[in-house]
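The structure appears below as structure tokens.
The values are calculated or read from the model by the stated rules, or taken from the named source; none is laboratory data. It should be emphasised that the depicted structure is a prediction, and the values quoted were computed from it without experimental measurement. Positions of Cβ are generated from backbone atoms using ideal geometry, with glycine treated the same way; all protein chains shown enter the neighbour counts. In case anyone asks, the SASA skips ligands and DNA or RNA and just uses the protein heavy atoms, side chains included. Shrake-Rupley method; radii C 1.70, N 1.55, O 1.52, S 1.80 Å.
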Amino acid sequence: MATLIHTLADHSDDVNYCAFSSSCLATCSLDKTIRVYSLSNFTELPYSPLKGHTYAVHCCCFSPSGHVLASCSTDGTTAVWDARDGRRLAVLEQPGASPVRVCRFSPEATYLLSGAADGSVVLWNMQSLKLYRSGNVKGGSLVACAFSPDGNFFVTGSSSGDLTIWDNKMRCLCNEKAHDLGVTCCDISSHPVSDSENGFKYFQMASCGQDNHIKLWHILLADFLGVELKYKCTLSGHSAPVLACAFSSDGQMIVSGSVDKYVIIHETGTGNTLHILSQHTRYVTTCAFAPHGPLLATGSMDKTVHIWQFDIKEPCAGDTVENESKVAVEDWSEDDVSAWLCAQDLSDFVGLFKMHNIDGKELLSLTKESLANELKIVSLGRRSKVLQKIEELRMTMISVSVPDEFLCPITRELMKDPVIAADGYSYERKAMENWISSRRSSPMTNLPLHSLMLMPNRTLKMAISRWLETQQK
């Protein structure tokens with residue numbers, strides 16, 4: 001059971017990242033700020049927000065002790081802050097001044113890694129705050145990174161779809177084409193696993209990408225093999241690009257967030273879906289488990305960060321996922337409908353719906369008239385709330401059945417007036433006009449747009465029209 005216990009809504013633009021220490025939560029945003037909250041009561045610390053970046057802040061992370069916070073930005077810098085009083089300790093300029101997309105401390109805080117849009121990756125010496133080593137990935141932006149728990153190697157992910165394993169001397173140990181349309185995030189479990197039968201030690205890694213997939217990998221360490229990256233399996237559930245993934249502190253769960261607005265929590269060992277969380281109204285851009293205690297933070301382009309508390313328990317036979325069953329809605333039983341009502345904060349209707357034998361098919365057919373006349377829900381406000389939740393459920397079903405190329409990447413709704421932007425992607429005209437009115441980057445790649453011109457995509461508009469005609473037959 002995952003329960004929403006708090007919502008942070010202090011950022012004035014998209015939330016890009018969130019990170020925990022043992023006592024604090026840090027969040028960063030397109031609004032150029034980093035905000036820091038106490039985990040004891042989720043109040044913002046006196047020195048927050050941290051200001052100094054001149055453009056969007058893409059990532060933030062705490063050192064293992066929690067005493068130092070790092071943040072990186074489109075302005076081409078990685079800032080280092082004292083997490084106890086908010087003082088800025090250093091500004092580290094990326095070679096080439098390229099927008100910095102990701103930063104991460106090594107487990108012993110010896111190094112700070114920063115990765116940029118031009119493919120550059122830098123290890124900074126945290127004692128001297130000077131550049132220690134640098135390298136480069138080929139053919140794409142560096143958008144993801146993760147250190148092994150022992151600090152002996154780290155993994156980077158790029159917009160070209162590659163995962164690369166490096167040692168701390170910046171030597172490439174392994175390279176693998178992982179995601180067809182680009183990696184978006186990666187994480188390594190803090191619990192290595194020993195294979196006593198074969199004498200190997202391996203680390204579990206998760207990666208996600210623009211191809212809608214979350215992939216699990218084993219990074220094998222053996223004296224005679226060196227380092228080997230082995231594919232384990234793909235986790236399903238998302239219907240759109242997956243932007244974030246993270247392991248729980250014990251390695252037993254993986255959380256993911258997607259353009260489809262959902263957060264999914266999987267069981268690592270089996271790949272089973274444990275929870276589906278649907279409270280965000282825009283893309284879910286980041287998710288993180290607290291290192292100690294049953295907390296999860298998820299951030300979104302809806303400008304909010306949700307804090308969830310969850311129960312850690314062994315899944316039982318017959319358990320269903322939270323919020324939505326993986327069974328098609330029209331095939332829901334009355335119990336599935338009851339579970340959905342509880343998840344939507346409509347638990348006081350469970351008895352009424354059971355009395356009228358409302359299953360999935362009946363639920364989808366409910367109207368304002370049937371709610372008033374047959375179910376006798378007198379309050380207009382209550383009827384409206386139920387109808388709104390049913391309509392959201394219907395839209396979710398539609399968004400899954402509509403071909404993905406017909407959905408606007410910004411709104412995830414069927415396009416009526418598709419246009420082609422300078423990044424080569426198609427968007428709903430009004431949504432893209434609103435987007436570029438406040439920023440000059442691509443919604444899909446985060447890279448600068450060299451032109452703000454929008455060209456009508458008549459071919460796509462005709463294809464959508466033909467598809468709609470087939471649905472009406």
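Return the residue satisfying two criteria in turn: it lies in segment 15-34 and is in a loop (DSSP other than H, G, I, E, B) and out of contact with any Ser or Thr (no Cβ under 6 Å at 6 or more places or on another chain), and of such residues it is nearest to THR304 (Cα to Cα). Even if it seems obvious, please write down each step before you answer.
Residues of segment 15-34 in a loop (DSSP other than H, G, I, E, B): 21-23, 30-33.
Next, from what is left, pick out any that are out of contact with any Ser or Thr (no Cβ under 6 Å at 6 or more places or on another chain): 21-23, 30, 32-33.
Working: SER21: 19, SER22: 21, SER23: 20, LEU30: 12, LYS32: 15, THR33: 14 Å.
By that ranking, first place goes to LEU30.
Assess whether SER71 counts as being under 23 Å from HIS306 (Cβ atoms), surrounded by fewer than 14 Cβ atoms within 10 Å (Cβ to Cβ) and in the same structural domain as CYS287 (by the TED database). So that I can check it myself, show each step before the final result.
Values: under 23 Å from HIS306 (Cβ atoms): yes; surrounded by fewer than 14 Cβ atoms within 10 Å (Cβ to Cβ): no; in the same structural domain as CYS287 (by the TED database): yes.
No, not satisfied.
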Only one of VAL263, VAL255 is crowded, with 24+ Cβ neighbours inside 10 Å and in contact with a Gly (Cβ under 6 Å, 6 or more places away or on another chain), namely VAL263
Can you find even one residue in segment 395-405 that is farther than 20 Å from ALA343 by Cβ and buried (at least 18 other Cβ atoms within 10 Å of the Cβ)? yes
With the condition kept exactly as written, say whether any residue in segment 281-300 is modelled with pLDDT under 90 and of a type in the set (Val, Ile, Thr). no
Residues within segment 83-95 that are in contact with a strand residue (DSSP E or B) (Cβ under 6 Å, 6 or more places away or on another chain) and either assigned to a strand (DSSP E or B) or open to solvent by 70 Å² or more (accessible area, probe 1.4 Å) (or both), tallied: 6
Which one is modelled with the highest pLDDT, of the residues in segment 108-154 that are open to solvent by 40 Å² or more (accessible area, probe 1.4 Å), assigned to a loop (DSSP other than H, G, I, E, B) and in contact with a Gly (Cβ under 6 Å, 6 or more places away or on another chain)? ASP118
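Which is within 21 Å of MET301 (Cα to Cα) and small (Gly, Ala, Ser), of SER40, SER114, SER71?
Details: SER40 fails: within 21 Å of MET301 (Cα to Cα); SER114 fails: within 21 Å of MET301 (Cα to Cα).
Step by step, each of SER40, SER114, SER71 is checked, and only SER71 is within 21 Å of MET301 (Cα to Cα) and small (Gly, Ala, Ser).
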From the residues in segment 223-266 that are β-branched (Val, Ile, Thr) and more than 10 Å from the chain's Cα centre (by Cα), which one is nearest to LEU173 (Cα to Cα)? VAL227
Kindly indicate whether SER239 is of a type in the set (S, T, N, Q) and in contact with a Phe, Trp or Tyr (Cβ under 8 Å, 6 or more places away or on another chain). no
Index of the failed condition, PRO456 passing every other in (1) crowded, with 18+ Cβ neighbours inside 10 Å; (2) without any contact (Cβ under 8 Å) to a residue 40 or more places away in the chain: (1)
